[in-house]
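Q: Take a look at this one; I'll ask things after.
Rule-based calculations on the coordinates, nothing more; no lab input. A quick note: this is a predicted structure, and the numbers were derived from the prediction, not measured. Quick reminder, even Gly has a Cβ in these numbers, built from the backbone with ideal geometry, and neighbours come from all protein chains shown.
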Amino acid sequence: MLFGVPPAVKSFFRPVVARLSKPIGRALPVMVLSWLLAPHRRCLKTLAGMVLGHREHVATISRRLRNRLWKTLTWYTTLYEALWSETDRWERRWAGRQKRHWMLVIDTTYHGTMSVCMENLLCFNRHQNPRQRTSSNHAFLLGLVLTDKGGRLPLPRKSYYTKAYCQKKRRRYRSLNDLAAALIREVRVPADVALTVVYDSAFDAQQVHQAARGRGFREVFPLDPNRNLSGSADVAAAQLPGQKVVPWTRTWQREEFALLELQVGNEDHVFFRRRHRDNLRPNKTQRRYAVATRRATVSKLGDCLIVASYKENAKVKLAAGESADWWACHTAAIPYDRHQRPQPQRWHAKVLACTDPTATARQVVEWYEVRWQIEMFHSDYPSSDRLYPGGRVA
């Protein structure tokens, strides 16, 4: 970086920047290099300070981001389309006529700020000390497409705007679930690809399910504790009062459960889960579950496969008199206090739902494990408030 961008790096980026505007094409190789080489917090000051060879790049990074020529839509959409086309073209050659399987992981990321005068902030006060300062955050909805050959396609992010900000700016308010439904409707999927959408219980909403159902996507997610069973196979059928799905799984018998042991060597979706070779040791990759499945009709969801799972965390030390058997967790009362942080336990309970009733418990568990990939991707995927101030995507 002392003497500018090497010619090999420029030739690598030449096919991509050919279709971009000149400010973006000039700054993209420099930003990627400085971003990869940044030793600490990746912000504008750090990236601009890494460039010492050509000082005009400093102005490009720190000033062009606010310039009208630096359009967020061009930055996200154009680069994503190029990456999508290249990945699809390469993987289609290797797949031949076989059906491919991709996964779409959706999650919300928050970027905290110390400012109290900025607009469009979400304020959280989760501190036990009432005198501690309230944390303020910007919210962004991220989507990550994972391919069965190991590809990573970050979707163009969507910004969340609060109701007060929308009223002030005369914008149409959309919740995070509305943004997730829009992302599912907009994602491009090749004709020979079967897509599975994975997300956490925060997106267990009607508009999200309708968007996935309309495009024929399979869904895997933890059930909301308030979900009830349905009296009919129709999706719009009324719910059964008092027949909640999560407590219903606690009545299942021990004979229905089976132990499931997963390891990198026997996983069917190993290419979805990227791991460093230092983390391929058996004690790093072994997971043990106790799982049971039943088909059920859930209100507003229709026919689903319900998977009751208990995952072991061998690192948690047992308290005096506490049993190490998963059955003790199954027969215990369901703790639910939204204002209390969950405490680590030897066995962690999770009730998963899959909109494909023909799936198996092993498949559902492995699909849901892939959701953690977007959590690790957040550290490498910059939020707009850090690298693209002022940029907006509808």
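Q: For each pair in 244/315; 244/300; 315/350; 284/317, compute the distance between the two Cα atoms and list the pairs where it is over 21 Å. Let's see the in-between values first.
A: Numbers: 244/315 32 Å; 244/300 13 Å; 315/350 18 Å; 284/317 18 Å.
Cα-Cα > 21 Å for 244/315; rest within.
Q: Counting Lys and Arg as +1 and Asp and Glu as -1, what is the net charge of the other residues whose Cβ lies under 12 Å from the Cβ of residue 188?
A: -1
Q: Among all the lysines, which ones have a C-alpha under 18 Å from residue 22's C-alpha, if same-chain residues fewer than 8 places away are not counted?
A: Within the straight-line limit of under 18 Å, residue 22 reaches these lysines: 10, 71.
Q: Suppose R0 equals 56 Å. What FRET efficiency, 1/(1 + (r/R0)^6) with r the Cβ-Cβ distance, do residue 21 and residue 328 give to the nearest 0.05?
A: Efficiency at R0 = 56 Å is approximately 0.35.
Q: Using a/c under 1.5 as the rounded threshold, could you call the stretch 217-369 rounded, prolate or oblate? The axes a ≥ b ≥ c are square roots of the C-alpha gyration tensor eigenvalues, and prolate needs a/b larger than b/c, oblate otherwise.
A: oblate
Q: For the stretch 151-173, list residues with backbone N below 15 Å from a point placed 7 Å from the Cα of residue 210 toward its Cβ?
A: No residue passes the distance filter.
Q: For a label point 7 angstrom out from the Cα of residue 237 toward its Cβ, which stretches of the stretch 289-329 have the backbone nitrogen within less than 19 Å?
A: 294-307
Q: How high is the FRET efficiency between residue 284 and residue 81 when r is their beta carbon distance and R₀ equals 41 Å, given to the nearest 0.05?
A: After rounding, the FRET efficiency stands at 0.65.
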